[in-house]
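Each remark here refers to the structure printed beneath this line.
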Amino acid sequence: MYMSDKKKFAVILSGGGMSCVFTAGVLLGLAKYDKKYEFIRKPDILIAGSGSVGTASYFLAEQYINIKKAWLNSLSTKKFIDFKRFKKIVDIDYLVDYVFKEKLPLRAEKLDEMNTDYYISVTNANTGLVEYIRPDSSNIYELIRATKAMPVFYGKNVSINGNDYVDSINSSLDELKVKKAEELGATDILVVKPHAKKYDLSKFICDYWMMFKPKKFRENYFYEREIRMNYKPNSRVYTINPKTELVTDILTTDIYKLQRSYDRGYNFNFIGLDDFLNNI
């Protein structure tokens, strides 16, 4: 497929915890078509956050089999999510240090060679603002740890180059990523998110977390949240998301539910996507 030199194609992957198994299914469903959706596998820009970052990294490294193995074999375990482990209900260290480094090693060197402008979104734990950091072989593992460092459930910040970072709704969801992609010159944007409706967890985790943050942090965070919730894209945007809610949520480890949500992504009807891509 020919793309004009004046156009830039971006892929945006929203977070959503364990529901991002749907996103994994979507990307592998697209990858199976080989040449038909070839430039989706190597977009000009890809921005991912939170639960979608491991999938995005494997995808760009062309380690497609590891995506499915990670979601359906390595994450459906109490080693990763255990509600009885109160200080670390979600063990991101298990995910990064065992799954991504040992069991299903990410070919991190591929990130140094690719032409895609890849960014991972994180929230600065001191300012409350979302930052976008380009991963490479030297920082990818700590970036994965940082973008998945869920307040309360993981319970600590992650330090990168002297700054502390965490996960948050602002850095997880897609709207600010779309804005960032447009700032990078994107004209056509494919968004994949595992939510049927507008999704916001602030009623629960974030509001509790905010009680313990300083005033300036809260001001910055809520300022960006307002932008996120009201942002209107200037580019062409096509969104892939489930039409009804998935059986998975942010902390699901039930293998049968994970498989069902994965299958819904993998078997997604891409007819509308064809029309979108044909106009790029």
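The values are calculated or read from the model by the stated rules, or taken from the named source; none is laboratory data. Given the structure is predicted, the values throughout are model-derived calculations rather than measurements. In this analysis, Cβ positions are derived from the backbone assuming ideal geometry, glycine residues included, and neighbour counts consider all displayed protein chains. For the accessible areas, the whole protein counts, side chains as well, though only heavy atoms, and no ligand, DNA or RNA atoms are used. Shrake-Rupley method; radii C 1.70, N 1.55, O 1.52, S 1.80 Å.
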Revision key, fill the gap. Those residues of segment 100-129 which are in contact (Cβ under 8 Å) with a residue 40 or more places away in the chain and outside any loop (DSSP other than H, G, I, E, B) amount to F100, K101, K110, L111, D117, Y118, Y119, I120, S121, V122, T123, N124
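Residue by residue, here is whether (1) at pLDDT 95 or above; (2) closer than 14 Å to S52 by Cβ; (3) assigned to a strand (DSSP E or B) holds:
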position: S138; (1), (2), (3): yes, no, no
position: I144; (1), (2), (3): yes, yes, no
position: A149; (1), (2), (3): yes, no, no
position: F153; (1), (2), (3): no, no, no
position: S159; (1), (2), (3): yes, no, yes
position: Y165; (1), (2), (3): yes, no, yes
position: K179; (1), (2), (3): yes, no, no
position: V191; (1), (2), (3): yes, yes, yes
position: K198; (1), (2), (3): no, no, no
Point to revise | K177 vs. criteria open to solvent by 30 Å² or more (accessible area, probe 1.4 Å) and basic (K, R) | key: no
Revision key, fill the gap. Listed by first then second residue, the pairs whose first member lies in segment 236-247 and is over 24 Å from A10 (Cβ atoms), whose partner is among the hydrophobic types (A, V, I, L, M, F, W, C) and open to solvent by 50 Å² or more (accessible area, probe 1.4 Å), with beta carbons under 9 Å and at least 6 positions apart or on separate chains, are none
**Study point:** segment 154-174 residues that are under 12 Å from S14 (Cα atoms), paired with ones that are among the polar types (S, T, N, Q) and surrounded by fewer than 22 Cβ atoms within 10 Å (Cβ to Cβ) (beta carbon under 7 Å, 6 or more apart)
**Key:** I169/S202
Review point. What number of residues within segment 122-159 satisfy the criterion of being surrounded by fewer than 16 Cβ atoms within 10 Å (Cβ to Cβ) and of a type in the set (F, W, Y)?
Key: 0
Review point. What is the residue count in segment 10-33 for residues that are aliphatic (A, V, I, L, M) and either open to solvent by 10 Å² or more (accessible area, probe 1.4 Å) or in a helix (DSSP H, G or I) (or both)?
Key: 8
**Study point:** One residue from K7, K36, K69 being open to solvent by 40 Å² or more (accessible area, probe 1.4 Å) and assigned to a loop (DSSP other than H, G, I, E, B)
**Key:** K7
Review point. Can you spot a residue in segment 40-48 that is at pLDDT 95 or above, of a type in the set (D, E) and either in contact with a strand residue (DSSP E or B) (Cβ under 7 Å, 6 or more places away or on another chain) or open to solvent by 10 Å² or more (accessible area, probe 1.4 Å) (or both)?
Key: yes
